[in-house]
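Chemist: Here it is, the structure, as structure tokens.
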Amino acid sequence: MKFENIRVYNFENAFRGMRNPKESYHLSDSKFISAGELENEDSLFIVATKWADYLIKYNMSNECRSILIDSCMDMLIHEGHIRKGISVIERVYIGPKDMKLAQQLIRAGSEHRKFMREIVVSMDITAPLYWFKEFDTYKVGTVANSTSTMHKLATTPITIDCFETDDYDKSILEDSKEIDNLVQFLENLRNKYLETKDKRYWKELIRWLPESWLQTRTVTMTYENLYAMCGCGQRRFHKLNEWSGIDNADLTNFISMARSLPYAPFLIFLDEENEISEYIN
């Protein structure tokens, strides 16, 4: 399973729209730096200072102010800056007032947190068919374009690498050669189809393709979709490791990917009650 080419964008418009109902734009204390714009360290420092003063005001930290500002800067860079393994088009430094309002709206219900539908995430997901079968239950607000088994299945050799084997446990099989035989059976069908162009071989190849077959889809969704999937534990404790990492958190899984997105602990996983002071210390 893989998550690649991740893009997250439209934070600025989403947070501006969040303040539309009361036209409270003057209270916004965030900074949004668009792609290609030169980094302004002063902007980062200003937002970090606002966070430090907020934490001190509400007695959420015992650190001295200068140390706390540095901690807040580290937090903002980690959450909203481009970092290894994920490409964030916007650099997003969310201030304490904006975050407080965002969390209030999230807790108030789906009709109030509409801004979450405007934070867009796009990525390439390579996963087995049995995982995509469950992912497909989230049809509203998601879009996916997949590689085609109809057009491309016969174009490359079929090997064990074409299947999900991250947590493959040979110990439960009486004879692991059965898997090798299945792979060879499918490869033979593919070769017969290429030799004869007889559609019957292609049809049998499609028919007997197991659900562990890996497919790549380019998926676009929103933070609201991710909140529905990950928030309140819907997929967080799923028995499929590909969703939750519940059996082996070191293996690639959807929840771990979602946790890596900008401000995920405070927006998508808000029910875990992450305090900023706990996060930066």
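The values are calculated or read from the model by the stated rules, or taken from the named source; none is laboratory data. Since this is a predicted model, take the numbers as computed values, not measurements. Neighbour counts run over all protein chains shown; Cβ positions are idealised from the backbone, glycine included.
Chemist: I need a count of the residues in the stretch 248-259 that are surrounded by 14 or more Cβ atoms within 10 Å (Cβ to Cβ) and either out of contact with any helix residue (DSSP H, G or I) (no Cβ under 9 Å at 6 or more places or on another chain) or not β-branched (Val, Ile, Thr) (or both). Explain how you work it out, then say what you get.
Modeler: As a first pass, look at the stretch 248-259 and keep what is surrounded by 14 or more Cβ atoms within 10 Å (Cβ to Cβ): 252-259.
Now restrict to residues that are either out of contact with any helix residue (DSSP H, G or I) (no Cβ under 9 Å at 6 or more places or on another chain) or not β-branched (Val, Ile, Thr) (or both): 253-254, 256-259.
So the count comes out to 6.
Chemist: Identify, from the list Tyr130, Tyr168, the residue that is surrounded by fewer than 19 Cβ atoms within 10 Å (Cβ to Cβ), out of contact with any strand residue (DSSP E or B) (no Cβ under 7 Å at 6 or more places or on another chain), in a helix (DSSP H, G or I) and aromatic (Phe, Trp, Tyr).
Modeler: Tyr130
Chemist: How many of the residues in the stretch 175-186 are of a type in the set (Gly, Ala, Ser) and at pLDDT 95 or above?
Modeler: Looking only at the stretch 175-186, we keep the residues that are of a type in the set (Gly, Ala, Ser), and these are 176.
From the residues that got through so far, the ones that are at pLDDT 95 or above too are none.
Residues that pass the stated criteria total 0.
Chemist: Output the residues belonging to the stretch 96-113 that are closer than 28 Å to Leu44 by Cα and in a helix (DSSP H, G or I).
Modeler: Within the stretch 96-113, Pro96, Lys97, Asp98, Met99, Lys100, Leu101, Ala102, Gln103, Gln104, Leu105, Ile106, Arg107 meet the criteria.
Chemist: Looking only at the stretch 214-249, which residues are of a type in the set (A, V, I, L, M, F, W, C) and closer than 16 Å to Val140 by Cα?
Modeler: Across the stretch 214-249, the qualifying residues are Val219, Met221, Leu226, Ala228, Met229, Cys230.
Chemist: Would you check if Lys139 is in a helix (DSSP H, G or I) and within 24 Å of Arg7 (Cα to Cα)?
Modeler: On the way: in a helix (DSSP H, G or I): no; within 24 Å of Arg7 (Cα to Cα): yes.
Spelling it out, it is not the case that Lys139 is in a helix (DSSP H, G or I) and within 24 Å of Arg7 (Cα to Cα).
Chemist: Any residue in the stretch 212-235 that is among the aromatic types (Phe, Trp, Tyr), modelled with pLDDT of 95 or more, buried (at least 21 other Cβ atoms within 10 Å of the Cβ) and farther than 21 Å from Gly109 by Cβ?
Modeler: Scanning the stretch 212-235, I find no residue that is among the aromatic types (Phe, Trp, Tyr), modelled with pLDDT of 95 or more, buried (at least 21 other Cβ atoms within 10 Å of the Cβ) and farther than 21 Å from Gly109 by Cβ, so the answer is no.
Chemist: Which residues, counting only those in the stretch 164-185, are within 19 Å of Ala154 (Cβ to Cβ) and in contact with a helix residue (DSSP H, G or I) (Cβ under 6 Å, 6 or more places away or on another chain)?
Modeler: From the stretch 164-185, those within 19 Å of Ala154 (Cβ to Cβ) are 182-185; that's our starting set.
Hit for the stretch 164-185 is Val183, nothing else.
Chemist: Another question about this same structure. Considering (1) among the small types (Gly, Ala, Ser); (2) in a helix (DSSP H, G or I); (3) touching a helix residue (DSSP H, G or I) at 6+ places or on another chain (Cβ under 6 Å); (4) modelled with pLDDT under 90, say which one Ser61 fails and leave the rest.
Modeler: (2)
Conditions tested, residue by residue: (1) at pLDDT below 95; (2) surrounded by 12 or more Cβ atoms within 10 Å (Cβ to Cβ); (3) closer than 30 Å to Leu267 by Cβ; (4) assigned by TED's automatic domain parsing to the domain that holds Phe11.
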{"site": "Thr155", "(1), (2), (3), (4)": "yes, no, no, no"}
{"site": "Phe163", "(1), (2), (3), (4)": "yes, yes, no, no"}
{"site": "Leu173", "(1), (2), (3), (4)": "yes, no, no, no"}
{"site": "Asn188", "(1), (2), (3), (4)": "no, yes, no, no"}
{"site": "Asn191", "(1), (2), (3), (4)": "no, yes, no, no"}
{"site": "Trp202", "(1), (2), (3), (4)": "yes, yes, no, no"}
{"site": "Ile206", "(1), (2), (3), (4)": "yes, yes, no, no"}
